[in-house]
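Chemist: Take a look at this one; I'll ask things after.
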Amino acid sequence: MPEKIIGFSKLSREDKIAWISSNFLNDSSEFKNILNKYLNTDTEVQTLHNSFSENSISNFYLPYSVSPNFLINNNNYCIPLVSEESSVVAALSNSSKFWFERGGFKSKIINKIKTGQIHFKYKGRKESLIKFIDDIKLDLIKSTDLITKNMRVRGGGIEEIKLIDKSNDLDFYFQLSVDFNTVDSMGANFINSCLEQISITFERLINESDYLNESEKKIKIIMSILSNYTPECLVEASVECDLDKLGTISGLSPHEFSSKFKDAFDIAQIDTGRAVTHNKGIMNGIDAIIISTGNDFRAVEAAVHAFASSDGNYKGLSQCSIIDNKFKISLKIPISVGTVGGITDLHPMVKLSHKILGNPSSSDLMKIICSVGLAQNFSAVKSLVTLGIQKGHMKMHLINLLMKNNASKIQIENAKEYFKNKKINNQSVIEFLNLKDFK
Ligand code: MEV
């Protein structure tokens, strides 16, 4: 076991690599070679990337893909996507093409409020606290004036401060819940800076108060941080068409297909095992565009899954209805993203993604992301209730299996034809590579 190292972050890149090599990789030179291979040859680009994170010693590539023909609210988008899962982009393209011919996606913002919380413990009379907070609310907001100045110019800022009594759930526990409008930024830094300032002012006003008694002044502020649960930053997307316009899908009539499809959606409403996978299919598309646009996919994932269980049971996030011969699917989810701030202003590929999307506002980006999630979901469930996903998935995965087994260029070319009507798995790929005819 290597000894604990002190001051690792202060070592040069070379020394960091040497330390890892000697402690974990038997001094193999392969490690350094791979790290160097993935460095950008443009030193300016490399320096920029190094600045994004501590202890950065190289870059980590994922494919940057695009999916064209994505019609949302009558705008034709080309969607930039970052995903390592081979079939995600193909499935999305399939879905967007299908719905392009049927009027495309409709999407709308339901609301756009983000919340921050100051968590504290208070042991006094509740009425005193309620009156005290009412009295100081404006002072708390005013104390953030310098931080909120620019945001207010852009139409955002602090919307509301509410006192929340949680003392029935946890002894003496209360919150100041602060609502924000962060306009086009995701706003995490903005919200946290405001909360920390409000917290300082709150503490000072408690001490100065001649309203609270000495024991009531012993309020313990525990922490101040934004909430990544954003159920009031909601967006909805839907697609619909007349039943007969669905056409025959993999041999199923519109009636057979839609009935099976709706059953699959309904199952996700009542079974957690299926709901998680159903939602994972939605997030396949959402994460890919969230990453390509430089947004925080952990925050979005956390919010979306909490939202999926907002009534106490974890459920599928999307709905399917067949009413009056109209087939409709929809998705309503919380999406907190920004089009300014963070790495959206810094990362050249992220900037490119925004450009490809026509430099959308954060509201437009929310609509695009929600539509992508629904399209991905449609494609996955469409495959599941017809041919199954493995056929398409393994077709896309074939190249990975060939590369893994050191196939030559010629073998990769021949494999596409050979596997047209054959099962694809690691064993069948090895067998193919051993056939003389295709070497
Ligand atoms: C695979 O990445 C995603 C699916 O499992 C989603 C689903 O089952 O709906 C195909």
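Chemist: Select from region 146-190 the residues that are acidic (Asp, Glu) and over 22 Å from GLY338 (Cα atoms) and write down the one among them that is surrounded by the fewest Cβ atoms within 10 Å (Cβ to Cβ). Spell out the reasoning first.
Modeler: So the first thing to find is which residues in region 146-190 are acidic (Asp, Glu), and the list is 159-160, 165, 169, 171, 179, 184.
Right, trim to over 22 Å from GLY338 (Cα atoms) and you get 165, 169, 171.
On the way: ASP165: 13, ASP169: 7, ASP171: 9.
Among those that are acidic (Asp, Glu) and over 22 Å from GLY338 (Cα atoms), it is ASP169.
Chemist: Sticking with this one: Suppose we keep only residues that are within 20 Å of ILE356 (Cβ to Cβ) and β-branched (Val, Ile, Thr) within region 263-299. Which one would you say is nearest to the ligand (Cβ to nearest atom)?
Modeler: ILE286
Chemist: Turning to a different aspect of this structure: Pick from SER371, SER428: which is more than 16 Å from the ligand (Cβ to nearest atom) and either surrounded by fewer than 13 Cβ atoms within 10 Å (Cβ to Cβ) or in contact (Cβ under 8 Å) with a residue 24 or more places away in the chain (or both)?
Modeler: The unique qualifying residue is SER371.
Chemist: Identify, from the list GLU44, GLU101, GLU30, the residue that is in the same structural domain as LYS332 (by TED's automatic domain parsing) and either within 16 Å of the ligand (Cβ to nearest atom) or more than 28 Å from GLU196 (Cβ to Cβ) (or both).
Modeler: Going through GLU44, GLU101, GLU30 in turn, just one is in the same structural domain as LYS332 (by TED's automatic domain parsing) and either within 16 Å of the ligand (Cβ to nearest atom) or more than 28 Å from GLU196 (Cβ to Cβ) (or both): GLU101.
Chemist: Could you tell me which of the residues ASN377, ASN426, ASN405 is assigned by TED's automatic domain parsing to the domain that holds ILE282 and either under 30 Å from ASN181 (Cα atoms) or among the polar types (S, T, N, Q) (or both)?
Modeler: Values: ASN426 fails: assigned by TED's automatic domain parsing to the domain that holds ILE282; ASN405 fails: assigned by TED's automatic domain parsing to the domain that holds ILE282.
From the options ASN377, ASN426, ASN405, the qualifying one is ASN377.
Chemist: Counting only residues that are modelled with pLDDT of 95 or more, assigned to a loop (DSSP other than H, G, I, E, B) and not small (Gly, Ala, Ser), how many does region 11-33 have?
Modeler: Here the count works out to 1.
Chemist: Mind checking which residues of region 40-73 are exposed (fewer than 12 other Cβ atoms within 10 Å of the Cβ) and assigned to a loop (DSSP other than H, G, I, E, B)?
Modeler: Answer for region 40-73, where residues must be exposed (fewer than 12 other Cβ atoms within 10 Å of the Cβ) and assigned to a loop (DSSP other than H, G, I, E, B): THR41, ASP42, SER51, PHE52, SER53, GLU54, ASN55, PHE60, TYR61.
Chemist: Examine region 218-238 for a residue that is more than 30 Å from ILE335 (Cβ to Cβ), within 16 Å of the ligand (Cβ to nearest atom) and in contact with a Ser or Thr (Cβ under 9 Å, 6 or more places away or on another chain), and state whether such a residue exists.
Modeler: The first filter runs over region 218-238 and keeps only residues more than 30 Å from ILE335 (Cβ to Cβ), leaving 218-221.
Checking the rest, the ones that are also within 16 Å of the ligand (Cβ to nearest atom) come to none.
Within region 218-238, none of the residues are more than 30 Å from ILE335 (Cβ to Cβ), within 16 Å of the ligand (Cβ to nearest atom) and in contact with a Ser or Thr (Cβ under 9 Å, 6 or more places away or on another chain).
The values are calculated or read from the model by the stated rules, or taken from the named source; none is laboratory data. This one's a predicted model, so the numbers in the text were calculated from it and none came from an experiment. When we count neighbours, we look across all protein chains shown, and the Cβ atoms used for this are built from the backbone with ideal geometry, even at glycine.
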